[in-house]
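*Asks:* If you scroll down you'll find the structure; I have some questions about it.
The values are calculated or read from the model by the stated rules, or taken from the named source; none is laboratory data. None of these values were measured; they are calculated from a predicted model. Glycine also receives a Cβ, built like all others from the backbone with ideal geometry; neighbour counts cover every protein chain displayed.
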Amino acid sequence: METEKKKIALIGPVYPYKGGIAHYTSLLYKALSKKYDVAMISYKMQYPKLLFKKEQKDYSNDMFKVDGTLFMLNTANPFNIIKTGMYIRKINAEAAIIQWWHPYFAPCYRILESVLGKKTKKIFICHNVFPHERFPMDRLLTRLVLKKGDGFIVHSKSDGDDLLSIKPDALYRQNPHPTYNAFKIKNMTREDARSELGRTNDEKLLMFFGFVREYKGLRHLLDAMKIVKDKLKDVHLIIAGSFGDDKESYMNLIKDNGIEGITEVSDGYTPDSEVEKYFAACDIVVLPYESATQSGIVQIAYGFGKPVLVTDVGGLPDVVTDRKTGYVVEPKSPQAIADAVEDFFANGRSREFEEHIREEAYRFSWERLSEKIGEILET
(Lines give C-alpha, C1' and ligand atoms only; values in the text may rest on other atoms or scores of the structure.)
Protein backbone atom coordinates (compact mmCIF):
# COMPACT_ATOMS: atom_id res chain seq x y z
CA MET A 1 0.00 0.00 0.00
CA GLU A 2 1.41 3.37 -1.05
CA THR A 3 2.16 5.78 1.80
CA GLU A 4 0.11 8.97 1.68
CA LYS A 5 2.21 11.96 0.71
CA LYS A 6 2.70 14.78 3.20
CA LYS A 7 0.83 17.98 2.35
CA ILE A 8 2.87 21.15 1.95
CA ALA A 9 2.15 24.62 0.56
CA LEU A 10 4.67 26.28 -1.76
CA ILE A 11 4.36 30.08 -1.92
CA GLY A 12 5.97 32.26 -4.59
CA PRO A 13 5.70 33.60 -8.13
CA VAL A 14 5.17 31.24 -11.08
CA TYR A 15 4.13 31.70 -14.71
CA PRO A 16 2.91 34.11 -15.96
CA TYR A 17 5.10 36.15 -13.58
CA LYS A 18 8.48 36.99 -15.11
CA GLY A 19 11.98 36.45 -13.84
CA GLY A 20 14.34 33.96 -12.29
CA ILE A 21 12.47 33.43 -9.02
CA ALA A 22 9.30 32.53 -10.94
CA HIS A 23 11.30 29.99 -12.94
CA TYR A 24 12.90 28.71 -9.73
CA THR A 25 9.56 28.24 -7.96
CA SER A 26 8.04 26.25 -10.80
CA LEU A 27 11.04 23.92 -11.06
CA LEU A 28 11.08 23.49 -7.28
CA TYR A 29 7.38 22.60 -7.42
CA LYS A 30 8.13 19.82 -9.91
CA ALA A 31 10.94 18.44 -7.75
CA LEU A 32 8.93 18.55 -4.52
CA SER A 33 5.86 17.00 -6.16
CA LYS A 34 7.75 13.74 -6.63
CA LYS A 35 7.69 13.24 -2.87
CA TYR A 36 5.00 15.56 -1.45
CA ASP A 37 1.42 16.63 -2.11
CA VAL A 38 2.16 20.26 -3.01
CA ALA A 39 -0.38 23.11 -3.07
CA MET A 40 1.10 25.82 -5.31
CA ILE A 41 0.04 29.25 -4.05
CA SER A 42 1.03 32.31 -6.06
CA TYR A 43 0.12 35.96 -6.10
CA LYS A 44 -3.16 37.52 -7.06
CA MET A 45 -1.16 40.75 -6.80
CA GLN A 46 2.62 40.63 -6.35
CA TYR A 47 3.69 44.29 -6.42
CA PRO A 48 1.47 47.40 -6.60
CA LYS A 49 1.99 49.18 -9.93
CA LEU A 50 2.91 52.28 -7.96
CA LEU A 51 6.07 50.51 -6.73
CA PHE A 52 6.82 48.34 -9.76
CA LYS A 53 5.91 50.13 -12.97
CA LYS A 54 7.32 47.56 -15.42
CA GLU A 55 5.20 44.73 -16.76
CA GLN A 56 5.26 41.91 -14.20
CA LYS A 57 3.94 39.14 -16.43
CA ASP A 58 5.02 37.43 -19.64
CA TYR A 59 2.51 35.22 -21.46
CA SER A 60 4.78 34.51 -24.46
CA ASN A 61 5.88 31.06 -23.27
CA ASP A 62 4.13 28.80 -20.77
CA MET A 63 6.86 26.17 -20.35
CA PHE A 64 7.14 27.12 -16.66
CA LYS A 65 3.40 26.92 -16.09
CA VAL A 66 2.28 25.02 -12.98
CA ASP A 67 -1.15 23.51 -13.51
CA GLY A 68 -3.52 23.98 -10.62
CA THR A 69 -1.74 27.04 -9.21
CA LEU A 70 -3.93 29.05 -6.83
CA PHE A 71 -3.39 32.74 -7.60
CA MET A 72 -4.82 33.91 -4.31
CA LEU A 73 -2.29 35.97 -2.33
CA ASN A 74 -2.56 39.77 -2.50
CA THR A 75 0.62 41.00 -0.80
CA ALA A 76 -0.90 44.39 0.09
CA ASN A 77 -4.28 43.27 1.42
CA PRO A 78 -4.22 42.13 5.10
CA PHE A 79 -7.67 40.53 4.87
CA ASN A 80 -6.62 38.54 1.82
CA ILE A 81 -3.37 37.46 3.54
CA ILE A 82 -5.34 36.20 6.55
CA LYS A 83 -7.69 34.32 4.21
CA THR A 84 -4.72 32.70 2.47
CA GLY A 85 -3.25 31.63 5.81
CA MET A 86 -6.57 30.13 6.86
CA TYR A 87 -6.72 28.17 3.61
CA ILE A 88 -3.25 26.70 4.27
CA ARG A 89 -4.40 25.65 7.73
CA LYS A 90 -7.63 24.21 6.31
CA ILE A 91 -5.78 21.87 3.94
CA ASN A 92 -3.62 20.71 6.88
CA ALA A 93 -0.34 21.59 5.24
CA GLU A 94 2.54 20.39 7.38
CA ALA A 95 4.71 23.26 6.13
CA ALA A 96 4.59 26.45 4.11
CA ILE A 97 7.68 26.90 1.94
CA ILE A 98 8.03 30.60 1.17
CA GLN A 99 10.25 32.39 -1.35
CA TRP A 100 12.09 35.31 0.27
CA TRP A 101 14.08 37.87 -1.66
CA HIS A 102 13.03 41.39 -0.65
CA PRO A 103 11.78 43.15 2.52
CA TYR A 104 8.80 44.49 0.57
CA PHE A 105 7.15 41.18 1.49
CA ALA A 106 7.81 41.60 5.22
CA PRO A 107 4.34 42.89 6.26
CA CYS A 108 2.62 40.24 4.13
CA TYR A 109 4.65 37.31 5.39
CA ARG A 110 4.61 38.50 9.01
CA ILE A 111 0.79 38.43 8.95
CA LEU A 112 0.88 35.03 7.23
CA GLU A 113 3.21 33.64 9.91
CA SER A 114 0.84 34.79 12.66
CA VAL A 115 -2.14 33.11 11.02
CA LEU A 116 -0.27 29.85 10.41
CA GLY A 117 0.79 29.67 14.05
CA LYS A 118 3.02 26.94 15.47
CA LYS A 119 1.27 23.97 13.85
CA THR A 120 2.52 24.78 10.34
CA LYS A 121 6.28 24.93 9.81
CA LYS A 122 7.47 28.08 8.07
CA ILE A 123 10.42 27.33 5.78
CA PHE A 124 11.99 30.22 3.87
CA ILE A 125 13.96 29.81 0.65
CA CYS A 126 16.33 32.79 0.94
CA HIS A 127 17.34 33.86 -2.56
CA ASN A 128 19.14 36.60 -0.66
CA VAL A 129 18.64 37.41 3.00
CA PHE A 130 19.14 41.15 2.49
CA PRO A 131 18.32 42.94 -0.79
CA HIS A 132 21.05 43.60 -3.36
CA GLU A 133 20.39 47.31 -3.17
CA ARG A 134 20.19 48.15 0.52
CA PHE A 135 17.88 50.77 2.02
CA PRO A 136 17.05 52.10 5.50
CA MET A 137 15.18 49.62 7.72
CA ASP A 138 15.77 46.64 5.40
CA ARG A 139 17.53 44.74 8.20
CA LEU A 140 14.71 45.46 10.66
CA LEU A 141 12.03 44.33 8.21
CA THR A 142 13.97 41.18 7.31
CA ARG A 143 14.52 40.26 10.96
CA LEU A 144 10.83 40.85 11.73
CA VAL A 145 9.90 38.01 9.38
CA LEU A 146 12.82 35.59 9.38
CA LYS A 147 13.15 35.41 13.18
CA LYS A 148 9.77 33.61 13.17
CA GLY A 149 10.89 31.07 10.56
CA ASP A 150 11.29 27.41 11.52
CA GLY A 151 13.77 26.49 8.80
CA PHE A 152 15.73 28.02 5.96
CA ILE A 153 17.48 27.21 2.71
CA VAL A 154 20.33 29.51 1.67
CA HIS A 155 22.40 29.25 -1.50
CA SER A 156 25.69 30.70 -0.28
CA LYS A 157 27.89 30.95 2.80
CA SER A 158 27.49 34.74 2.80
CA ASP A 159 23.71 34.37 3.02
CA GLY A 160 24.13 31.83 5.80
CA ASP A 161 26.22 34.35 7.71
CA ASP A 162 23.62 37.07 7.10
CA LEU A 163 20.88 34.77 8.37
CA LEU A 164 22.79 33.94 11.56
CA SER A 165 23.37 37.66 12.17
CA ILE A 166 19.62 38.13 12.70
CA LYS A 167 18.70 34.65 13.95
CA PRO A 168 21.71 33.01 15.64
CA ASP A 169 19.86 29.73 16.29
CA ALA A 170 18.52 29.36 12.74
CA LEU A 171 17.99 25.82 11.45
CA TYR A 172 19.20 25.97 7.87
CA ARG A 173 20.82 24.08 5.04
CA GLN A 174 23.20 25.62 2.52
CA ASN A 175 22.62 24.27 -0.96
CA PRO A 176 23.86 25.67 -4.27
CA HIS A 177 21.33 27.32 -6.54
CA PRO A 178 20.16 24.47 -8.83
CA THR A 179 20.73 24.47 -12.57
CA TYR A 180 18.16 25.90 -14.96
CA ASN A 181 18.02 23.35 -17.78
CA ALA A 182 14.42 24.01 -18.80
CA PHE A 183 15.38 26.73 -21.28
CA LYS A 184 16.55 24.11 -23.79
CA ILE A 185 13.42 24.23 -25.91
CA LYS A 186 14.82 23.58 -29.40
CA ASN A 187 18.17 22.01 -28.39
CA MET A 188 19.87 24.55 -30.63
CA THR A 189 23.45 23.92 -31.68
CA ARG A 190 26.05 26.63 -31.28
CA GLU A 191 26.02 27.10 -35.04
CA ASP A 192 22.23 27.38 -35.31
CA ALA A 193 22.07 29.88 -32.47
CA ARG A 194 24.80 32.02 -33.98
CA SER A 195 23.10 31.96 -37.34
CA GLU A 196 19.89 33.24 -35.73
CA LEU A 197 21.83 36.02 -33.98
CA GLY A 198 23.77 36.93 -37.11
CA ARG A 199 27.10 35.89 -35.60
CA THR A 200 29.82 33.78 -37.26
CA ASN A 201 31.20 30.49 -35.97
CA ASP A 202 34.74 31.89 -35.75
CA GLU A 203 33.88 34.67 -33.32
CA LYS A 204 35.02 34.45 -29.70
CA LEU A 205 31.71 35.32 -28.09
CA LEU A 206 31.28 36.64 -24.54
CA MET A 207 27.91 37.45 -23.00
CA PHE A 208 26.55 39.59 -20.18
CA PHE A 209 22.95 38.58 -19.46
CA GLY A 210 20.19 39.97 -17.27
CA PHE A 211 19.09 43.25 -15.73
CA VAL A 212 21.79 45.93 -15.87
CA ARG A 213 22.30 47.36 -12.40
CA GLU A 214 25.27 49.31 -11.07
CA TYR A 215 26.27 46.56 -8.63
CA LYS A 216 26.53 44.08 -11.50
CA GLY A 217 29.71 45.77 -12.68
CA LEU A 218 29.09 45.91 -16.43
CA ARG A 219 31.35 48.97 -16.62
CA HIS A 220 34.33 46.84 -15.59
CA LEU A 221 33.58 44.35 -18.36
CA LEU A 222 33.37 47.18 -20.91
CA ASP A 223 36.75 48.46 -19.72
CA ALA A 224 38.11 44.91 -19.99
CA MET A 225 36.92 44.68 -23.60
CA LYS A 226 39.13 47.66 -24.43
CA ILE A 227 42.10 45.55 -23.29
CA VAL A 228 40.89 42.30 -24.85
CA LYS A 229 40.31 43.69 -28.35
CA ASP A 230 44.03 44.40 -28.73
CA LYS A 231 45.01 40.86 -27.72
CA LEU A 232 42.41 38.61 -29.35
CA LYS A 233 41.08 38.58 -32.89
CA ASP A 234 37.36 38.16 -33.61
CA VAL A 235 36.32 38.75 -29.98
CA HIS A 236 32.78 40.02 -29.48
CA LEU A 237 30.52 40.90 -26.54
CA ILE A 238 26.74 40.54 -26.43
CA ILE A 239 24.85 42.43 -23.73
CA ALA A 240 21.38 40.90 -23.47
CA GLY A 241 19.73 42.79 -20.68
CA SER A 242 17.30 45.44 -19.61
CA PHE A 243 18.86 48.82 -18.82
CA GLY A 244 17.51 51.37 -16.39
CA ASP A 245 17.65 55.14 -16.71
CA ASP A 246 21.44 55.11 -16.98
CA LYS A 247 21.67 53.34 -20.34
CA GLU A 248 23.21 56.40 -22.00
CA SER A 249 26.21 56.32 -19.65
CA TYR A 250 26.94 52.71 -20.67
CA MET A 251 26.60 53.54 -24.35
CA ASN A 252 29.00 56.47 -23.89
CA LEU A 253 31.51 54.14 -22.21
CA ILE A 254 31.28 51.72 -25.13
CA LYS A 255 32.03 54.63 -27.48
CA ASP A 256 34.83 56.05 -25.33
CA ASN A 257 36.51 52.63 -25.16
CA GLY A 258 36.35 52.25 -28.93
CA ILE A 259 34.49 48.94 -28.73
CA GLU A 260 31.32 49.81 -30.68
CA GLY A 261 32.31 47.40 -33.44
CA ILE A 262 32.69 44.43 -31.11
CA THR A 263 29.79 45.11 -28.73
CA GLU A 264 26.15 44.31 -29.45
CA VAL A 265 23.44 45.58 -27.14
CA SER A 266 20.07 43.85 -27.01
CA ASP A 267 18.15 46.10 -24.64
CA GLY A 268 14.97 44.87 -22.95
CA TYR A 269 13.60 41.88 -21.10
CA THR A 270 14.49 38.59 -22.79
CA PRO A 271 11.39 36.34 -23.03
CA ASP A 272 11.85 32.74 -21.89
CA SER A 273 11.54 31.52 -25.46
CA GLU A 274 14.50 33.71 -26.53
CA VAL A 275 16.93 32.74 -23.76
CA GLU A 276 18.21 29.60 -25.49
CA LYS A 277 19.72 31.27 -28.54
CA TYR A 278 21.90 33.59 -26.45
CA PHE A 279 23.32 30.90 -24.19
CA ALA A 280 23.70 28.33 -26.96
CA ALA A 281 25.59 30.86 -29.08
CA CYS A 282 28.09 32.22 -26.56
CA ASP A 283 31.39 30.71 -25.48
CA ILE A 284 31.50 32.10 -21.95
CA VAL A 285 29.13 34.08 -19.70
CA VAL A 286 30.60 36.97 -17.70
CA LEU A 287 29.27 38.21 -14.33
CA PRO A 288 31.59 41.09 -13.33
CA TYR A 289 29.58 41.86 -10.19
CA GLU A 290 30.74 44.27 -7.49
CA SER A 291 28.52 42.53 -4.92
CA ALA A 292 26.28 39.47 -4.93
CA THR A 293 24.75 36.71 -2.87
CA GLN A 294 24.21 34.21 -5.68
CA SER A 295 22.95 34.36 -9.25
CA GLY A 296 20.60 32.27 -11.33
CA ILE A 297 22.54 33.40 -14.42
CA VAL A 298 25.36 31.02 -13.47
CA GLN A 299 22.91 28.14 -13.33
CA ILE A 300 21.32 28.99 -16.68
CA ALA A 301 24.84 28.92 -18.16
CA TYR A 302 25.58 25.54 -16.56
CA GLY A 303 22.30 24.24 -17.99
CA PHE A 304 23.79 24.87 -21.42
CA GLY A 305 27.22 23.53 -20.45
CA LYS A 306 28.70 27.03 -20.65
CA PRO A 307 31.53 28.18 -18.36
CA VAL A 308 31.25 31.42 -16.43
CA LEU A 309 33.63 34.19 -15.43
CA VAL A 310 32.63 35.64 -12.05
CA THR A 311 34.13 37.94 -9.46
CA ASP A 312 35.12 36.87 -5.95
CA VAL A 313 32.07 38.33 -4.21
CA GLY A 314 29.22 36.87 -2.14
CA GLY A 315 28.24 33.34 -3.04
CA LEU A 316 29.60 33.30 -6.59
CA PRO A 317 32.84 31.48 -5.63
CA ASP A 318 30.67 28.82 -3.94
CA VAL A 319 29.30 27.69 -7.30
CA VAL A 320 32.22 28.38 -9.66
CA THR A 321 35.40 26.34 -9.36
CA ASP A 322 38.26 28.47 -10.63
CA ARG A 323 39.79 27.12 -13.83
CA LYS A 324 37.46 24.11 -13.82
CA THR A 325 33.91 25.38 -14.40
CA GLY A 326 35.03 28.92 -15.15
CA TYR A 327 37.06 31.70 -13.57
CA VAL A 328 36.90 33.55 -10.25
CA VAL A 329 38.68 36.90 -10.45
CA GLU A 330 39.04 39.90 -8.18
CA PRO A 331 36.16 42.38 -8.37
CA LYS A 332 36.35 45.83 -10.01
CA SER A 333 39.41 44.77 -12.03
CA PRO A 334 39.11 45.07 -15.83
CA GLN A 335 42.64 43.68 -16.14
CA ALA A 336 41.75 40.52 -14.19
CA ILE A 337 38.69 40.00 -16.42
CA ALA A 338 40.79 40.56 -19.55
CA ASP A 339 43.48 38.10 -18.40
CA ALA A 340 40.88 35.37 -17.77
CA VAL A 341 39.22 35.93 -21.15
CA GLU A 342 42.59 35.74 -22.88
CA ASP A 343 43.49 32.53 -21.04
CA PHE A 344 40.16 30.92 -21.92
CA PHE A 345 40.42 31.49 -25.65
CA ALA A 346 44.21 31.29 -26.07
CA ASN A 347 44.31 27.88 -24.37
CA GLY A 348 41.06 26.48 -25.81
CA ARG A 349 39.55 25.61 -22.43
CA SER A 350 35.92 25.32 -23.54
CA ARG A 351 35.73 21.51 -23.82
CA GLU A 352 37.68 20.97 -20.59
CA PHE A 353 35.39 23.31 -18.62
CA GLU A 354 32.26 21.76 -20.12
CA GLU A 355 33.35 18.33 -18.86
CA HIS A 356 33.82 19.67 -15.33
CA ILE A 357 30.34 21.25 -15.45
CA ARG A 358 28.84 17.84 -16.33
CA GLU A 359 30.68 16.27 -13.37
CA GLU A 360 28.99 18.75 -11.00
CA ALA A 361 25.46 17.94 -12.21
CA TYR A 362 24.17 16.29 -9.00
CA ARG A 363 25.44 19.06 -6.72
CA PHE A 364 23.33 21.52 -8.71
CA SER A 365 20.26 19.30 -9.11
CA TRP A 366 16.71 20.09 -8.00
CA GLU A 367 16.53 16.63 -6.42
CA ARG A 368 19.38 17.54 -4.07
CA LEU A 369 17.58 20.75 -3.07
CA SER A 370 14.40 18.77 -2.44
CA GLU A 371 16.38 16.43 -0.18
CA LYS A 372 17.71 19.38 1.84
CA ILE A 373 14.18 20.72 2.32
CA GLY A 374 13.15 17.22 3.41
CA GLU A 375 15.87 17.23 6.09
CA ILE A 376 14.38 20.42 7.57
CA LEU A 377 10.85 19.01 7.40
CA GLU A 378 11.93 15.93 9.32
CA THR A 379 13.80 17.90 12.01
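*Asks:* Here are the criteria: (1) touching a Lys or Arg at 6+ places or on another chain (Cβ under 7 Å); (2) more than 23 Å from L377 (Cα to Cα). Tell me which single one P131 does not satisfy.
*Replies:* Result: P131 passes all but (1).
Residues checked against (1) at pLDDT 95 or above; (2) touching a strand residue (DSSP E or B) at 6+ places or on another chain (Cβ under 8 Å); (3) farther than 29 Å from R89 by Cα:
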site: N128; (1), (2), (3): no, no, no
site: E133; (1), (2), (3): no, no, yes
site: G149; (1), (2), (3): yes, yes, no
site: V154; (1), (2), (3): yes, yes, no
site: I166; (1), (2), (3): yes, no, no
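*Asks:* Taking the stretch 168-199 as the search range and keeping residues that are among the small types (G, A, S) and assigned to a loop (DSSP other than H, G, I, E, B), which one is surrounded by the most Cβ atoms within 10 Å (Cβ to Cβ)?
*Replies:* Looking at residues that are among the small types (G, A, S) and assigned to a loop (DSSP other than H, G, I, E, B), I get A170.
*Asks:* State all residues of the stretch 49-82 that are farther than 15 Å from A39 by Cα and charged (D, E, K, R); if no residue qualifies, say none.
*Replies:* Answer for the stretch 49-82, where residues must be farther than 15 Å from A39 by Cα and charged (D, E, K, R): K49, K53, K54, E55, K57, D58, D62.
*Asks:* Next question. Condition (residue is more than 23 Å from the chain's Cα centre (by Cα), farther than 30 Å from L28 by Cα and surrounded by 17 or more Cβ atoms within 10 Å (Cβ to Cβ)) applied to the stretch 324-333: is it met by at least one residue?
*Replies:* Residues of the stretch 324-333 more than 23 Å from the chain's Cα centre (by Cα): 333.
Adding the requirement that they be farther than 30 Å from L28 by Cα leaves 333.
Adding the requirement that they be surrounded by 17 or more Cβ atoms within 10 Å (Cβ to Cβ) leaves 333.
Within the stretch 324-333, one or more residues are more than 23 Å from the chain's Cα centre (by Cα), farther than 30 Å from L28 by Cα and surrounded by 17 or more Cβ atoms within 10 Å (Cβ to Cβ).
*Asks:* A further question on this structure: So which strands (runs of 3 or more DSSP E) stay within the stretch 1-105 end to end and still have 2 or more residues that are under 24 Å from I373 (Cα atoms) and within 20 Å of the chain's Cα centre (by Cα)?
*Replies:* Here the list reads 7-11, 37-45, 95-100.
*Asks:* State the number of residues belonging to the stretch 1-31 that are more than 21 Å from D272 (Cβ to Cβ) and of a type outside the set (S, T, Y). Spell out how you get there, then give the answer.
*Replies:* At the first step, the residues of the stretch 1-31 found to be more than 21 Å from D272 (Cβ to Cβ) are 1-9, 11.
With the extra rule that they be of a type outside the set (S, T, Y), the set shrinks to 1-2, 4-9, 11.
So the answer is 9.
*Asks:* A follow-up question, please. Look through the stretch 200-228, keep the residues that are in contact (Cβ under 8 Å) with a residue 60 or more places away in the chain and under 16 Å from the mean Cα position of the chain (by Cα), and return whichever of them is surrounded by the fewest Cβ atoms within 10 Å (Cβ to Cβ).
*Replies:* Y215
*Asks:* Additional query: Look through I238, I254 and report the one residue that is crowded, with 17+ Cβ neighbours inside 10 Å, more than 24 Å from G305 (Cβ to Cβ) and touching a Ser or Thr at 6+ places or on another chain (Cβ under 9 Å).
*Replies:* So the residue among I238, I254 that is crowded, with 17+ Cβ neighbours inside 10 Å, more than 24 Å from G305 (Cβ to Cβ) and touching a Ser or Thr at 6+ places or on another chain (Cβ under 9 Å) is I254.
*Asks:* Another one. Over 17 Å from the mean Cα position of the chain (by Cα), surrounded by fewer than 23 Cβ atoms within 10 Å (Cβ to Cβ) and within 25 Å of V275 (Cβ to Cβ): is that true of K372 in this structure?
*Replies:* no
*Asks:* Which pairs do you get when a residue that is farther than 15 Å from K122 by Cα, found in the stretch 70-96, comes within reach of a residue that is charged (D, E, K, R) and assigned to a helix (DSSP H, G or I), reach meaning Cβ atoms under 8 angstrom, with the pair 6+ apart or on two chains?
*Replies:* M72/K83
*Asks:* How many residues are within 30 Å of L205 (Cβ to Cβ), in contact (Cβ under 8 Å) with a residue 40 or more places away in the chain and outside any helix (DSSP H, G or I) if we restrict to the stretch 341-379?
*Replies:* 6
Let's see how each residue does on (1) assigned by TED's automatic domain parsing to the domain that holds L144; (2) within 17 Å of A301 (Cβ to Cβ):
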residue	(1), (2)
K167	yes, no
K184	no, yes
E196	no, no
T200	no, no
L205	no, yes
F208	no, yes
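*Asks:* In addition: Check G261 against each of (1) at pLDDT 95 or above; (2) surrounded by 16 or more Cβ atoms within 10 Å (Cβ to Cβ); (3) out of contact with any helix residue (DSSP H, G or I) (no Cβ under 6 Å at 6 or more places or on another chain) and name the one condition it does not meet.
*Replies:* So G261 meets the others, but not (2).
*Asks:* Could you please find all residues in the stretch 167-198 being more than 19 Å from the chain's Cα centre (by Cα), among the charged types (D, E, K, R) and over 20 Å from I239 (Cα atoms)?
*Replies:* Of everything in the stretch 167-198, those that are more than 19 Å from the chain's Cα centre (by Cα), among the charged types (D, E, K, R) and over 20 Å from I239 (Cα atoms) turn out to be K167, D169, K186.
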